[in-house]
Every structure is written in structure tokens, then in C-alpha cells.
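What follows is a short report on a single structure.
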Amino acid sequence: MTTFQSSYLELEPRELVRFVLREAGQIDNDAVNPAELLDYLKLAYISFDFARELPPEIRQRVSSGQPRALISFGDRLVATDSSLSEPKSRFSVLHEIGHYLLPHHQHTLYVCDDLGMSAWTRLAFEQEANAFAAELLFQGERFSLEANSHPVTAAAVKQLAEKYKASFEATARRLVEKNFRPCMLVVFKQDSGRQVVDPNAAQSWTVKYCVSSPSFKLRFFDRVSGSIPAPLLARVAVPGRDIADSVVEKVQVGAATGGEARRVNAEFFWNTYNVFALLTPEAPDAQG
């Protein structure tokens, strides 16, 4: 088989995703197998402890985040930090494949950190690699069709995350982004910056970021601000609580930019380090 050369193809990223999935025999799989994509692209893969074994000259390429994955074009090598969870490791590999396949991304070496792979990165190449990785992970339009056939609930997030072997956060974000119905995902973080939720700590939990479906953004707003009341947090952040075991409330929400507040249905759940809320508008006759 001839080695794949993305520069020879004049394809849009979405078409490129479908082409690679089909050629690598992944197009009919529920969950993409990154190892088979790497094999098709003739890229080697290793996992090791970045904190202990990443050479200083490579670490210097990262500005302020924690190094998470890299791709060396000269060595045809993808590497990930061995401390990553399975969903984060899978996404990281797909992110590096994005750098390899996307036109104009070819370079000597990419060292990608947790900030670059986050949903709020401002680096254009990292945004493009993230978007490409998400298309691979969620099988392009297949997930979009499923997202609109499921209710916008924490239970649906869990079901789809397990099917596609993705993180709960990435799945919830995708469920909202690709939905035709009005809905919003609000992600909260503990202001102390702790990596593990401590519901007993006297800390404020405030909005980290928001994702809204196109129709929600058009009809209502695209950002909210504020924090979770302590009594509600205590009900949601219960050790050992399953993501599908959510707390549903009707809450008054106002846009971060001001304007009239609205009552919405809010379903709260958590994944041990972030708290999430899925917002959907109340039915018109329930507005009272």
C-alpha cells in the first residue's frame, strides 16, 4: 500500500475524515480504533511518563500547559503521556493524527499540552486539530444523527460516551453542538483549581465555559455566568454517584451579557472533577 500523503488530496476536513475512516476499515465501527488508524498511516506509537522522561528541549516547546501528546514527523511517531485516562489518550492520538493529516500542519515536531487540547484554546492549529479529532472520534455525521434521536439528558450522554469510547465532557459538548433542538451545556469548575471535587469545602463553583446549540443561541443566549448554590452542589457532587443519576431543577437563568432572565429546565451531573448542567427551555405553557 502506498503511504498516505494528505498533501496530495484536495479534500475538506470532513471529507478527509470520511476518506481515512473508510480506507482504514473504521467506517462501520461504533468506536474508532486509533491503533488501526496509526497502522494505516504508518505511524508508530508509544506511551511514557512525560513528567519523568520527556527531554527538556522538547518540554521547552510548551508555554504554560502540561504536555499531553506529541507527534514527530521525522520519526513518524506519536506519543502520549502514560498518566492520561483512556478517553483522553484516545482523543490525544486522534488530535496528533489531525496535525499529521490536515494541510499546512506538517512540521518537524508538535508538542501539545492540555491547554491546546482544551475547548477554549485560541491557537488556530490546535483548534483545527481538535475539530478533526472530534470528527474522527464521533464518526462525523453518524453521531449527529444519533444526537438528534436521543433526548438531551445525562443518561444519553453516558450511553453515547460508552458507545464511542469518549469522555463524558466531550460527548456532552458534541451532543449539544450537533443538536437541532435548543439546548445548552454549562460546565462549572471549582475556583480553588482542585482536580478532585470536594463538596464539603467552602469553595465557589463558577461557570468555566458554555456550549449552545445553534437554535438555543439564536433564540436565547450563548453564555451564562454565576455559580452553583452550595445546597444544590451537595446534592449533585456525591462520591460514587453515576453520571446518569442526575439532579433536575427548574432555574432562572440570565445571559452573561445581561438581558431578561428565563426559567429553564436544568439537569445537573458530574464526572468527579467538573459539574455540568444541560439546559433546555421550559415549554411555553409552563412559563406562567
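Pick out the one residue from Arg142, Arg122, Arg76 that is among the basic types (Lys, Arg) and either more than 28 Å from Ser212 (Cβ to Cβ) or modelled with pLDDT of 95 or more (or both). Let's see the steps before the verdict.
Values: Arg142 fails: either more than 28 Å from Ser212 (Cβ to Cβ) or modelled with pLDDT of 95 or more (or both); Arg122 fails: either more than 28 Å from Ser212 (Cβ to Cβ) or modelled with pLDDT of 95 or more (or both).
Step by step, each of Arg142, Arg122, Arg76 is checked, and only Arg76 is among the basic types (Lys, Arg) and either more than 28 Å from Ser212 (Cβ to Cβ) or modelled with pLDDT of 95 or more (or both).
Just for region 95-111: of the residues that are out of contact with any strand residue (DSSP E or B) (no Cβ under 8 Å at 6 or more places or on another chain) and surrounded by 24 or more Cβ atoms within 10 Å (Cβ to Cβ), which one is farthest from Ala161 (Cα to Cα)? Looking at the filtered set, the residue picked out is Leu101. Report yes if some residue within region 113-122 is touching a residue at least 24 places away in the same chain (Cβ under 8 Å), within 25 Å of Glu23 (Cα to Cα) and surrounded by fewer than 16 Cβ atoms within 10 Å (Cβ to Cβ); otherwise report no. No, because not a single residue in region 113-122 is touching a residue at least 24 places away in the same chain (Cβ under 8 Å), within 25 Å of Glu23 (Cα to Cα) and surrounded by fewer than 16 Cβ atoms within 10 Å (Cβ to Cβ).
Once region 149-192 is narrowed to residues that are among the small types (Gly, Ala, Ser) and in a helix (DSSP H, G or I), the residue that is surrounded by the fewest Cβ atoms within 10 Å (Cβ to Cβ) is Ala155. Scanning region 136-148 for residues that are among the hydrophobic types (A, V, I, L, M, F, W, C) and surrounded by fewer than 19 Cβ atoms within 10 Å (Cβ to Cβ) gives a single hit, Leu145. Only one of the numbered conditions (1) surrounded by 15 or more Cβ atoms within 10 Å (Cβ to Cβ); (2) under 20 Å from Pro34 (Cα atoms); (3) in contact with a strand residue (DSSP E or B) (Cβ under 8 Å, 6 or more places away or on another chain) is not met by Arg90, and that is (3). Highlighted here are the helices (runs of 4 or more DSSP H) found entirely within region 28-131 that include at least 1 residues which are β-branched (Val, Ile, Thr) and under 28 Å from Arg173 (Cα atoms): 86-101.
Tallying residues that are of a type in the set (Lys, Arg) and closer than 30 Å to Ser144 by Cβ within region 27-74 yields 1.
If you take the residues in region 210-265 that are among the polar types (S, T, N, Q), more than 12 Å from Leu279 (Cβ to Cβ) and not in a loop (DSSP other than H, G, I, E, B), which one is modelled with the highest pLDDT?
Initial filter on region 210-265 (among the polar types (S, T, N, Q)): 212-213, 215, 225, 227, 246, 252, 257, 265.
Still in the list and also more than 12 Å from Leu279 (Cβ to Cβ): 215, 225, 227, 246, 257.
In the following step, the residues that additionally are not in a loop (DSSP other than H, G, I, E, B) were identified as 215, 227.
Values: Ser215: 95, Ser227: 89.
In this case the residue turns out to be Ser215.
Go through region 125-134 and give me each residue that's surrounded by fewer than 22 Cβ atoms within 10 Å (Cβ to Cβ) and either touching a helix residue (DSSP H, G or I) at 6+ places or on another chain (Cβ under 9 Å) or farther than 21 Å from Pro214 by Cβ (or both). Those that are surrounded by fewer than 22 Cβ atoms within 10 Å (Cβ to Cβ) and either touching a helix residue (DSSP H, G or I) at 6+ places or on another chain (Cβ under 9 Å) or farther than 21 Å from Pro214 by Cβ (or both): Phe125, Glu126, Glu128, Ala131.
The values are calculated or read from the model by the stated rules, or taken from the named source; none is laboratory data. Keep in mind that this is a model prediction, so the values were computed, not measured. Every residue, glycine among them, receives a Cβ derived from its backbone with ideal geometry; neighbour counts consider all protein chains shown.
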